[in-house]
Every structure is written in C-alpha cells, then in structure tokens.
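**Student:** Okay, handing you the structure first.
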Amino acid sequence: MRDEFKVERDGNGRLHKIDGPAIQYDNGDGTWYFHGKNHRIDGPAVDWPSKNYFVYYIHRTEYSEEVFYRITKNLKVFL
C-alpha cells in the first residue's frame, strides 16, 4: 500500500526535484519531475518497484528502456 507520500514543487508550483522523485511514496515508489515534466536521465522517471512498473521519460517524451539507455549513454558524456 502506498497511501503516504511527499510532494516537492518548484517556485511556480510545478512538480520538481533535482536529486530525487518529486512524488515519493513511503513504500519506495516515486515519480521524477523537472519543472512539471516527467524527466530523469539516470533511470525510469516512473519508478514503482512495488508494482514492477517503470516508464522512461526525458522532458516528458516517453522512450522504451532500450532507446532510453542508448540516448542517456551519449548524454552523460556531456554532463
């Protein structure tokens, strides 16, 4: 069960957190956002291990796991 959760927002009220999920459930599930957009470059932006459910986004665009890791491998060279 994941009834309890924390929400982080930016100064404009959009879901946002740089170093973790903007929505974090007590059971460990979380959803990552960057200024209101589903976004994460080091793993799934929707990370719900309790349901074995993972979705990969970069700036709100959804990618398959394979394509996501191919893209982010190249991005990390520039970070």
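**Student:** Could you tell me which GluC sites (Glu not before Pro) in the chain are loop residues by DSSP with no more than 10 other beta carbons within 10 angstrom of their beta carbon?
**Tutor:** Here the sparse-neighbourhood loop sites are Glu4.
**Student:** Give the order of Trp32, Trp48 when sorted by the count of other beta carbons within 10 angstrom, beginning with the fewest.
**Tutor:** Ranking Trp32, Trp48 by Cβ neighbours within 10 Å, fewest first, gives Trp48, Trp32.
**Student:** Quick one: among Val55, Val46, Val67, which has the greatest mean-square fluctuation in a GNM of the chain with alpha-carbon springs under 10 angstrom?
**Tutor:** Of the options given, Val67 has the highest mean-square fluctuation.
**Student:** In addition: Which far-off residues, 5 or more places away or on another chain, put their amide H under 5 Å from the one on Arg9, with H placed in the peptide plane?
**Tutor:** For Arg9, whose amide H was placed from the backbone, the distant partners under 5 Å are His16.
**Student:** How about the stretch 33-79: which chymotrypsin sites (Phe, Trp or Tyr not before Pro) there are in a DSSP loop, with at most 16 other Cβ atoms within 10 Å of their Cβ?
**Tutor:** Filter output for the stretch 33-79: Phe78.
**Student:** Excluding residues on the same chain fewer than 8 positions from Lys73, give the lysines whose Cα lies under 27 Å from its Cα.
**Tutor:** Within the straight-line cut-off, Lys73 pairs with Lys17, Lys37, Lys51.
**Student:** Got a sec? How would Thr31, Thr61, Thr72 order by Cβ neighbour count within 10 Å, fewest to most?
**Tutor:** With the fewest neighbours first, Thr31, Thr61, Thr72 line up as Thr61, Thr72, Thr31.
**Student:** Over its Cα atoms, what ratio of radius of gyration to 2.2 N^0.38 Å does the stretch 5-75 give?
**Tutor:** Rg over 2.2 N^0.38 Å, computed on Cα atoms: 1.07.
**Student:** Could you give the angle, 0 to 90 degrees to the nearest 10, between helix 65-75's Cα long axis and the longest principal axis of the Cα atoms of the chain?
**Tutor:** 70
Since every read-out is calculated from the coordinates, none of them should be taken as a lab result. For clarity, every value in this text was computed on a predicted model and none was experimentally measured. We place every Cβ from the backbone using ideal geometry, glycine too, and count neighbours over all the protein chains shown.
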